[in-house]
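As structure tokens, the structure follows; a few thoughts come after it.
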Amino acid sequence: MCMPPRSPDRQERPSGAPSTAETQRVPDALRTAAAYAWRILVVTAAVYGVFALLGRFHEIAVAVFLGLVVTAVLRPVADLAARFLPRPLAVAGSLLCSMALVLGVFALVGEVVAGERTTLVREFRIGIERIENWLEQPPFRIAPEALTDIQSRIGQLLSSHRSTVVSEALSGAGRLVEVLTVLALALFCSVFFVHSGDRQWRWFCGQLPPAARERATVAGRAAWRTFTGYTHGILLVAATNAILVGIALFALGVPLALPLALLEFFAAFIPLVGSPIALAVAAVVALASEGPLIAAVVVALIVVIGQIEGHLLHPIVMSWAVRLHPVVVALSVVGGAVAAGVVGAVAAVPLVAVVWSVRQALRTALPSGRDG
């Protein structure tokens, strides 16, 4: 007896597979959340693995990062000099001139500090006495015995932990050797990056599978454009802040105006938090040397320069690179500082900007896998 043919809509369900009714019991929102959850876990694990690997070889990572920064600054200078000189000579000249400039600035700062050392010691001693007298008066009314007790406790702490201080100084000497090694490696990398970094990147893209070459080329072009734009912009911010701080401190008669301006220059590379910290140091120096009134003026200077940096300079920087929300910048700085200290705080914002620009470039330039 012949069986009737099965309807194409009715198919046997594999053994163990959930029925349609059982599948419908899981809400769509939960299935979507689960799909995103495991993808987020995979991405988080990958990011953690990358940072763990960089942490094991952080000296190499820092050296390569510094080499890229030097390349972003000196590559235009070397390209300009290469119009009149051979390429190797142009690269060597730009690097030597930049090193001479940096060493000259540090030598000038050291000479200023050495020349003002005796005066500074006397002014700081007088300034500390002035601060103690100020704290003894209203509204603080701190007893003189309390201040004397604090000084004696600090002296006892230093004397009781003398061996720890010596060991820290010796470890600091070891750190100095590591810093010099990283700087030497960064200089070595920058020589080749400035000379032929574009050819090195083309060679790297040529080693990839053919399907990935176009995407790597687009991503590398966007990443380098963003990184160089951010580097040039943050240099402009740092130089402007340092000039403003140096002029203001010199006009107010605060000692160490040039070293404090240099401190502000390097602190500006940490967005949002670097400049206030450097200016807080300047306020402490002004309080110890010139009194509360000048220190209050320096505090007001913190607010003014913060407004100039936040509303004028940083928008210019972000327009050159990638527009990042201030919340993203703040979270990037804090996260970088937690992960890798000061170096992480400096490198976090350009890293986030580069990743975002690469994502945007790949979405717009290769919507269907082809270079548009």
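The values are calculated or read from the model by the stated rules, or taken from the named source; none is laboratory data. Remember, predicted model here, so these are calculated numbers, not experimental data. Because the Cβ atoms are built from the backbone with ideal geometry, glycine has one as well, and the counts that use them run over all protein chains shown. Surface areas here come from the heavy atoms of the whole protein model, side chains and all, with no ligands, DNA or RNA. Shrake-Rupley method; radii C 1.70, N 1.55, O 1.52, S 1.80 Å.
Looking across region 55-95, the residues that are of a type in the set (Val, Ile, Thr) and either within 18 Å of ASP198 (Cα to Cα) or open to solvent by 80 Å² or more (accessible area, probe 1.4 Å) (or both) come down to ILE60, VAL64, VAL69, VAL70, THR71, VAL73, VAL77, VAL91. Exactly one residue out of VAL333, VAL317 is in contact with a helix residue (DSSP H, G or I) (Cβ under 7 Å, 6 or more places away or on another chain), assigned to a helix (DSSP H, G or I), at pLDDT below 80 and open to solvent by less than 20 Å² (accessible area, probe 1.4 Å), and it is VAL317.
Every condition in (1) closer than 22 Å to VAL112 by Cα; (2) crowded, with 17+ Cβ neighbours inside 10 Å; (3) of a type in the set (A, V, I, L, M) holds for VAL237 except the one numbered (1). Among the criteria (1) touching a Lys or Arg at 6+ places or on another chain (Cβ under 9 Å); (2) closer than 28 Å to PHE227 by Cα, the one PRO292 does not fulfil is (2). Listed by first and then second residue, the pairs with beta-carbon distance under 9 Å, at least 6 apart or on different chains, first residue in region 315-339 and over 25 Å from LEU54 (Cα atoms) and of a type in the set (Ser, Thr, Tyr), second crowded, with 18+ Cβ neighbours inside 10 Å and at pLDDT 80 or above, are SER319/GLY229; SER319/GLY233.
For region 21-46, residues that are modelled with pLDDT under 80 and open to solvent by less than 70 Å² (accessible area, probe 1.4 Å) total 3. Restricting attention to region 189-216, the residues being in a helix (DSSP H, G or I), without any contact (Cβ under 8 Å) to a residue 24 or more places away in the chain and either closer than 19 Å to ALA63 by Cβ or polar (S, T, N, Q) (or both) number 5. With respect to THR181, determine if the residue is over 25 Å from ALA90 (Cβ atoms), hydroxyl-bearing (Ser, Thr, Tyr), open to solvent by less than 50 Å² (accessible area, probe 1.4 Å) and part of a helix (DSSP H, G or I). Criteria not met by THR181.
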